[in-house]
Structures are given as C-alpha cells and as structure tokens.
Amino acid sequence: MAKLSEQLKYFCNKKVTEDAQWKNVEIVLSGHDVPGEGEHKIMEYLRLAKSRPDYNPNVRHCLYGLDADLIMLGLLSHEPHFALLREEVVFGRKKKKTSATSNPDSQNFYLMHLSLLREYLALEFAELKETLTFEYDLERILDDFILMGFFVGNDFLPHLPGLHINEGALALMFEKYKKILPTLDGYLNHNGDLHLERCEKLLKSLGDFEKDIFEIERGDVKWLQEKMSQNSSVIEGVKKNGSCKLFSS
C-alpha cells in the first residue's frame, strides 16, 4: 500500500504537469497513512464540503466501486445528483480468457443513478402521505430504508435469521413498515439515533413472520434427518450383506 500511494502521488503530479485538462482539477489523495476505509473517507469529505456556506447543492458526485454498501452511503448523503460507476459482473461459468476479453479496454462499465433509485423509493412509499399522522418526509423515510437495510446484513452485521434478501426480505420489510409507521409517532431513525420503542414494534411484526419461517425450516430439517437415517440404514445393510435390494411402490 505504501508503494501504491507513492505511485499515485507520482501519477497525479505527472498529470497536473503534463495534461492541460488536469490544470484546474482539485485532487485529494488519502492513502494508507490516513486511517479508515476509502468509501467512508470519501463520505466524510463530502459531509465537510456540504457544511461550507459556499457549497453548491447542484454539484454532481460519482463514486466507483462494486460494494453494495456504496448504494446506502450514497443515499445517506441525501444528495440529489449521485451516481455509482460499477463494472459489469458476469455470473455463471466463466469462459476461458482470450486476448480480447483480457484487454482492460473491453471491460464494460455502468452508471447507477441513485437519483433514479430515490424516485423509485418515493413511489414505493407514496401511500404513506395519506396514512401518516405526522409530517411525511421522504428524506426521513430514506434514513429508515437504510436502517432496515441493516436487518438483511452487510459487511459488519449478519442478517436476521428469517430475512434473506434473495427470498424477498426487502419487500416483506416494506410491507410491514408501511403498516407499522402510521401507528407510530415518528420515524425509526430519530435525527441520527435509533428510536428503540418504534423499532421494537417493527421487529415484533417481523418476528411473527419469522415464527412461520422457523416452523417450515424445522420441518425441512426433520425430513432431511429422516432421509439421512434411511440412507445410513441402507449403507449398513450393504456393508453386512454385500448387496442391496431396492423396492418402489
């Protein structure tokens, strides 16, 4: 990392000196000698910039990376113009690399516009405008959405046992949230602090659903154990008799 930092410094100095398009560009290099993860250092820089009186609210931000946490961090900034630059991810069996596919110039990139995601979330929770007993605030709802994202896990926290993001956990939480929030006296995220009593009501609602999930999973485990026991009996019979007869009805 120390070598990388030195090379980055050299690259920046070279570009500023030789490339006219870099003449008026402000470059902030935060290397290994500054504690913290890169994305969090970037967000800290952004928060400090927003606190300045001369900050332009229409400035556009673009953050590079594949980490899903960048989506949450971008939403958390509450900036209207925020995009993520992401590499194309190909799932499934990888083909053998050729000279063409191994060329970095052939890598596809995509822009994920968080402003568009904000619009989708606004549509998702629009019905709350008619049901809330307190002021509807999309920015506060986005804060609650990010908080609920913790329940399905991230780099630091495991997901709740019954919430699997690939099994519709987010849709379930949206449904429960839209039913529970009108019965509360405010949002789950209260000025940056977790309101425990309000959050407890949402978790209790999710807990009722998890009980049904646990019963289903318990039945699956019991069935699997019975199958394994039957297979063990068959194997033991083969070992003793040297043969095995299978019958089907």
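The values are calculated or read from the model by the stated rules, or taken from the named source; none is laboratory data. These numbers come from a predicted model, not from an experiment. Backbone-built Cβ (ideal geometry, glycine too); neighbour counts: all protein chains shown.
Here's the yes/no breakdown for (1) modelled with pLDDT of 90 or more; (2) under 22 Å from residue 70 (Cα atoms); (3) part of a helix (DSSP H, G or I):
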{"residue": "93", "(1), (2), (3)": "no, no, no"}
{"residue": "98", "(1), (2), (3)": "no, no, no"}
{"residue": "112", "(1), (2), (3)": "yes, yes, no"}
{"residue": "115", "(1), (2), (3)": "yes, yes, yes"}
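Does any residue of the stretch 31-38 turn out to be in a helix (DSSP H, G or I) and either surrounded by 12 or more Cβ atoms within 10 Å (Cβ to Cβ) or in contact (Cβ under 8 Å) with a residue 60 or more places away in the chain (or both)?
Let us first name the residues in the stretch 31-38 that are in a helix (DSSP H, G or I), namely 38.
Checking the rest, the ones that are also either surrounded by 12 or more Cβ atoms within 10 Å (Cβ to Cβ) or in contact (Cβ under 8 Å) with a residue 60 or more places away in the chain (or both) come to 38.
Taking every residue of the stretch 31-38 in turn, at least one turns out to be in a helix (DSSP H, G or I) and either surrounded by 12 or more Cβ atoms within 10 Å (Cβ to Cβ) or in contact (Cβ under 8 Å) with a residue 60 or more places away in the chain (or both).
Any residue in the stretch 14-22 that is under 30 Å from residue 144 (Cβ atoms) and not charged (D, E, K, R)? Within the stretch 14-22, not a single residue is under 30 Å from residue 144 (Cβ atoms) and not charged (D, E, K, R).
Within the stretch 1-26, which residues are part of a loop (DSSP other than H, G, I, E, B) and at pLDDT 90 or above? Reasoning before the result, please.
Taking the stretch 1-26 first, the residues part of a loop (DSSP other than H, G, I, E, B) are 1, 19, 23-26.
Listed by number, the list holds a single entry, 19.
Only one entry in 68, 20 is exposed (fewer than 11 other Cβ atoms within 10 Å of the Cβ) and small (Gly, Ala, Ser), namely 20.
Filter the stretch 166-181 for residues that are exposed (fewer than 14 other Cβ atoms within 10 Å of the Cβ) and either touching a residue at least 24 places away in the same chain (Cβ under 8 Å) or farther than 24 Å from residue 78 by Cα (or both) and give the result. Step through it out loud before you land on a result.
Residues of the stretch 166-181 exposed (fewer than 14 other Cβ atoms within 10 Å of the Cβ): 166-168, 171, 175, 179.
Those that are exposed (fewer than 14 other Cβ atoms within 10 Å of the Cβ) and either touching a residue at least 24 places away in the same chain (Cβ under 8 Å) or farther than 24 Å from residue 78 by Cα (or both): 166, 167, 168, 179.
Taking the numbered list (1) assigned to a helix (DSSP H, G or I); (2) modelled with pLDDT of 70 or more in turn, residue 163 passes all entries but (1). On inspection, residue 50 does not qualify as surrounded by 11 or more Cβ atoms within 10 Å (Cβ to Cβ), basic (Lys, Arg) and under 21 Å from residue 156 (Cα atoms).
Part of a loop (DSSP other than H, G, I, E, B), touching a Ser or Thr at 6+ places or on another chain (Cβ under 9 Å) and more than 21 Å from residue 156 (Cα to Cα), is that true of residue 80? Full working, then the answer.
Details: part of a loop (DSSP other than H, G, I, E, B): yes; touching a Ser or Thr at 6+ places or on another chain (Cβ under 9 Å): yes; more than 21 Å from residue 156 (Cα to Cα): yes.
For residue 80, the condition - part of a loop (DSSP other than H, G, I, E, B), touching a Ser or Thr at 6+ places or on another chain (Cβ under 9 Å) and more than 21 Å from residue 156 (Cα to Cα) - is met.
Here residue 5 fulfils each of the conditions (1) touching a residue at least 24 places away in the same chain (Cβ under 8 Å); (2) on the phi > 0 side of the Ramachandran plot apart from (2).
Taking (1) surrounded by 10 or more Cβ atoms within 10 Å (Cβ to Cβ); (2) at pLDDT 90 or above; (3) in a helix (DSSP H, G or I) in turn, residue 130 satisfies each apart from (1).
What do you reckon, is residue 155 within 23 Å of residue 67 (Cβ to Cβ), in contact (Cβ under 8 Å) with a residue 12 or more places away in the chain and surrounded by fewer than 11 Cβ atoms within 10 Å (Cβ to Cβ)? The answer is yes for residue 155. The residue pairs whose first member lies in the stretch 188-208 and is under 15 Å from residue 150 (Cα atoms) and touching a residue at least 24 places away in the same chain (Cβ under 8 Å), whose second member is crowded, with 19+ Cβ neighbours inside 10 Å and of a type in the set (Phe, Trp, Tyr), and whose beta carbons are closer than 7 Å, counting only pairs six or more residues apart or on different chains, are 202/177.
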